[in-house]
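Since every read-out is calculated from the coordinates, none of them should be taken as a lab result. Please read these numbers as outputs of a predicted model, since none were measured by experiment. Here the Cβ is made from the backbone with ideal geometry for all residues, glycine too, and neighbour counts use every protein chain on show.
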Amino acid sequence: MAAKVHPQVLPSSASCYFTSKQETFTIWMKSLVLGCKGCTVFDAKGQLVYRVDIYSCKCRDEVYLMDFKGKVLFTILRKRFKLFRSWEGYRSTTTEVGSKKLGFQVSQTLRISRGDSPCEVIVGLDENQPRHYKIQSWDSSKSACKIVDQFGGLVAELKRKKSACGVDLGDDVLTMVVEPYIDHSLIMGVFVVYSLINCKM
């Protein structure tokens, strides 16, 4: 499997996280760093674009989404409350929270009854009219979900990746399709939180 997702170097000119077309990414739920948890993300050309490396279970309260060079794009912090869980994503190039810009927040209400607890996402928290997204999961393995806006419009979709002949490549290889004019670095940050919630990292 490693041969199928082996990284290539992404040209430095490809630095824009918005495009006018639908973008497809392959997410390999493995870190490129030996002994670490995390994930590695490739674009449709097989080029490395994002990575997450978690060195120990104790590090899951502060996780970094990086680009292919290791530059931190989002610092994701877990907030602990009694009745709900919350994660905040700070857009930044440094490791000091004080200098970061809050880019998104994901919250999950804890339920006593069985069944999934919905995840609400607020993005653009620095704006007067923040956008609200929702993560909808329909797969018991948590390998398939959709991110929709407040009107139900599709923002991104995650599912298991299949080969050209329709065979699943495994639980640890996923496909994410992000709709046009959506910041896919932010969507990847939300995906990281979704994976942390479901203990996939």
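Once backbone amide H atoms are built at 1.01 Å from N, residue 133 has 121, 122, 123 as its partners under 5 Å, excluding neighbours fewer than 5 places away on the same chain. Our estimate of slack between residue 36 and residue 168, defined as 0.36 nm per intervening residue step minus the Cα-Cα distance, is 45.1 nm. With 26 Å as the limit, the listed pairs 142/162; 69/146; 45/71; 79/162; 101/161 have 69/146; 79/162; 101/161 beyond it between alpha carbons.
A protection proxy built from the mean count of other Cβ atoms within 10 Å ranks the segments 68-79, 159-170, most packed first, as 68-79, 159-170. The gain in end-to-end length when the residue 151 to residue 47 segment is fully stretched comes to 34.1 nm, 0.36 nm per residue minus the alpha carbon separation. In terms of packing, defined here as the mean over residues of other Cβ atoms within 10 angstrom, the peptides 174-184, 145-155, 190-200 line up highest first as 190-200, 174-184, 145-155.
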